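Structure record follows, encoded as structure tokens.
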Amino acid sequence: MKNELISIIGIILGLVIIAFPMFGVIGASAIVGLSILLMGIYFLIVGVNLVDYNKTGGILNTFLGVIMIILSLGLIFNPDLFAFLAAITVYLAGIFLIIIGVMTLITSRNSQYGFWMGILGIILGVIYIILGSYISDPFILGCLIGIWLVVSGVFRLLDK
């Protein structure tokens, strides 16, 4: 009963987010921003307390805390920053997949499936880069979040 209720809530929320995509981006951005804010506050407090015992560690923790607090405020109040960071992450993953695919092609000549693993890495890298250009639009990112909620809700509902 509990799984079915959670599944139905996921499907309903997914449909709402597909209808209003910015709700998904704003919600995800706020959740990520809040968690980074809490980590930044923690690092700031640890850094200030650590300065007496270890100056370098204290300064680095304080600096990291300040950077995280600034980033978190940007994420909480600017959902476009969340979409930009998501796109950059997907771009980097695509570039790394292409590099790994080429390396697999070069180094796995004797392997039975080395060639296909390399080709698959390159193809997936290109797909990631193409997806990264679409994810940078917050509306498309919101729709993807909504679709993910609907699909995961349906799968959870079917899983007995």
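Annotations for the structure displayed:
- Options Leu44, Leu71, Leu50: the member that is surrounded by 15 or more Cβ atoms within 10 Å (Cβ to Cβ) and under 30 Å from Ser133 (Cα atoms): Leu71
- Scanning the range 82-96 for any residue that is free of Cβ contacts under 8 Å to residues at least 60 places away in the same chain and within 30 Å of Leu5 (Cβ to Cβ) turns up at least one such residue.
- The range 119-152 - residue that is over 18 Å from Ser29 (Cβ atoms) and modelled with pLDDT under 85 and, of those, surrounded by the fewest Cβ atoms within 10 Å (Cβ to Cβ): Ser133
To keep it simple, each residue is scored yes or no on (1) in a helix (DSSP H, G or I); (2) under 23 Å from Leu13 (Cβ atoms); (3) over 22 Å from the mean Cα position of the chain (by Cα).
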position	(1), (2), (3)
Phe84	yes, no, no
Thr104	yes, no, yes
Asn110	no, no, yes
Ile119	yes, no, yes
Ile123	yes, no, no
Ile129	yes, no, no
Ile140	yes, yes, no
Ile145	yes, yes, no
Trp148	yes, yes, no
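Matching residues to (1) outside any helix (DSSP H, G or I); (2) touching a Gly at 6+ places or on another chain (Cβ under 9 Å); (3) modelled with pLDDT of 90 or more:
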| position | (1), (2), (3) |
| --- | --- |
| Leu5 | no, no, no |
| Ile8 | no, yes, no |
| Ile11 | no, yes, no |
| Ile18 | no, yes, no |
| Ser29 | no, no, yes |
| Leu38 | no, no, yes |
| Asp52 | yes, yes, no |
| Phe63 | no, yes, yes |
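- Residue list for the range 3-25, restricted to those being among the aliphatic types (A, V, I, L, M) and either buried (at least 18 other Cβ atoms within 10 Å of the Cβ) or touching a strand residue (DSSP E or B) at 6+ places or on another chain (Cβ under 7 Å) (or both): Ile11, Leu13, Ile17, Ile18, Val25
- So Phe96, is it exposed (fewer than 14 other Cβ atoms within 10 Å of the Cβ), assigned to a helix (DSSP H, G or I), under 21 Å from the mean Cα position of the chain (by Cα) and at pLDDT 85 or above: yes
- Test: residue in the range 30-43 that is within 30 Å of Leu158 (Cα to Cα) and without any contact (Cβ under 8 Å) to a residue 40 or more places away in the chain: yes
The values are calculated or read from the model by the stated rules, or taken from the named source; none is laboratory data. Bear in mind the structure is a predicted one, so any value in this text is a computation, not a measurement. Cβ coordinates were reconstructed from backbone atoms using ideal geometry, including for glycine residues, and neighbour counts include every protein chain displayed.
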